[in-house]
Amino acid sequence: QVQLVESGGGLVQAGGSLRLSCAASGRIFSINVMGWYRQAPGKQRELVATMSSGGSTIYANSVKGRFTISRDNAKNTVYLQMNSLKPEDTAVYYCAISVAPDNYWGQGTQVTVSS
């Protein structure tokens, strides 16, 4: 089994910053892709950012230049540094990892940005 534990969410004013962390544990040999997704009320879950084992990144257009994804392979941990937060960034943020042939999801952490 693989477990993902997220932390770092909370309430912040617009323009502020938060850093999310997600640590994976369990029967993990090698993690391919690690990433973050989010789901706002009434909306579908959407990709925020992903990073491959080789360091390649993908960002949603809405967060480019404001969010930075990073990972520590030795700790099986992925981070999301979120700067210049906007009210529209309010959502539940989920981390996800790809450990072939399966994908695993965290339980989600709430991020609320007040205007």
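Accessible surface ranking for M51, M82, 1.4 angstrom probe, highest first: M51, M82. Per residue, the chain exposes 54 Å² of solvent-accessible protein surface, assessed with a 1.4 angstrom probe and all protein chains in place. Rolling a 1.4 Å probe over the protein heavy atoms of the stretch 51-103, with every protein chain left in place, gives an accessible area that is 47 percent carbon and sulfur. Note on K86: no aspartates and glutamates have a C-alpha under 16 Å away, same-chain residues under 8 apart excluded.
Solvent-accessible surface (1.4 Å probe) assigned to S70 amounts to roughly 40 Å². In the stretch 1-54, the inverse of the mean reciprocal separation of distinct Cα atoms equals 13.4 Å; this is its Kirkwood hydrodynamic radius.
Take the Cα of T112, step 7 Å toward its Cβ, do the same at K64, and the gap between the two points is 3.2 nm.
For W105, the accessible area of its heavy atoms, probed at 1.4 Å with every protein chain present, is near 120 square angstrom. Farthest towards the positive end of the charge dipole of the stretch 49-115, among the residues Y104, A91, Y79, is the Cα of Y79, using unit charges on the Cβ of Lys, Arg, Asp and Glu. Sorting T90, T57 by accessible area puts them as T57, T90; the probe is 1.4 Å, largest comes first, and only protein heavy atoms count. Net charge in the neighbourhood of L85 (other residues with Cβ under 15 Å of its Cβ; Lys, Arg +1, Asp, Glu -1) is +3. Taking 37 °C and 0.692 mPa s as the conditions, I'd like the Stokes-Einstein D for the stretch 3-105 in µm²/s, using the Kirkwood hydrodynamic radius from alpha carbon pairs. D = 237 µm²/s.
The values are calculated or read from the model by the stated rules, or taken from the named source; none is laboratory data. For clarity, every value in this text was computed on a predicted model and none was experimentally measured. Cβ coordinates were reconstructed from backbone atoms using ideal geometry, including for glycine residues, and neighbour counts include every protein chain displayed. Remember, those area values only see protein heavy atoms, side chains included, never the ligands or the DNA or RNA. Shrake-Rupley method; radii C 1.70, N 1.55, O 1.52, S 1.80 Å.
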